[in-house]
Amino acid sequence: KVHRTKRSIPKWILPNPALVDDAVKNQGAKEFVFENLVGSHILNLTFGKKDFELMYWREDNQEVDYILTSRNEALLALEVKSGRKKNVPNNAFLQKKGIDCPALLVSQENIEKFLKTGSIDEILRIVQ
């Protein structure tokens, strides 16, 4: 089961990326804006569906940006990288930590395809 560690800092996700001030976008916070775009898309797809929860996982220096759960069972781990793709946990590592679900790396290369999805099922088909 997915859990938040005691040292985890809550994630703030703006449901509409247009609400991010241009000053924030221009002050080196592009990673935040990109990660928020992915999180807000997931939140919008699950809006009103009480079975879903968007979480994240962090332990020491390892983290997964988003873990989509349904009834507290992990469905999908999403790692978001706007630039360099380093320190991306692989499926075997996540399974050892008790996160047994498909993983998707969302990057500049596939963000357009990701954002065109209209349902969680469509996103799950991308990783299968």
Could you tell me whether any residue of region 79-95 is of a type outside the set (Phe, Trp, Tyr), open to solvent by 20 Å² or more (accessible area, probe 1.4 Å), within 21 Å of Trp12 (Cα to Cα) and assigned to a strand (DSSP E or B)? yes
Complete set of residues in region 57-72 that are outside any loop (DSSP other than H, G, I, E, B) and either surrounded by 14 or more Cβ atoms within 10 Å (Cβ to Cβ) or in contact with an Asp or Glu (Cβ under 7 Å, 6 or more places away or on another chain) (or both): Trp57, Arg58, Glu63, Val64, Asp65, Tyr66, Ile67, Leu68, Thr69, Ser70
Selection within region 114-128 - surrounded by 10 or more Cβ atoms within 10 Å (Cβ to Cβ), farther than 20 Å from Asn91 by Cβ and without any contact (Cβ under 8 Å) to a residue 24 or more places away in the chain: Glu122
Has region 28-48 got at least one residue that is exposed (fewer than 14 other Cβ atoms within 10 Å of the Cβ), on the phi > 0 side of the Ramachandran plot and either modelled with pLDDT under 80 or among the aliphatic types (A, V, I, L, M) (or both)? yes
Answer residue from region 88-128, given it is in contact with a Lys or Arg (Cβ under 9 Å, 6 or more places away or on another chain) and among the polar types (S, T, N, Q) and is modelled with the lowest pLDDT among those: Gln108
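The values are calculated or read from the model by the stated rules, or taken from the named source; none is laboratory data. Quick caveat, the model's predicted, so the values are computed rather than measured. Don't worry about glycine lacking a Cβ; one is built from the backbone with ideal geometry, like all the others, and counts go over all protein chains shown. Just the protein is used for accessible areas: all its heavy atoms, side chains included, with ligands, DNA and RNA removed. Shrake-Rupley method; radii C 1.70, N 1.55, O 1.52, S 1.80 Å.
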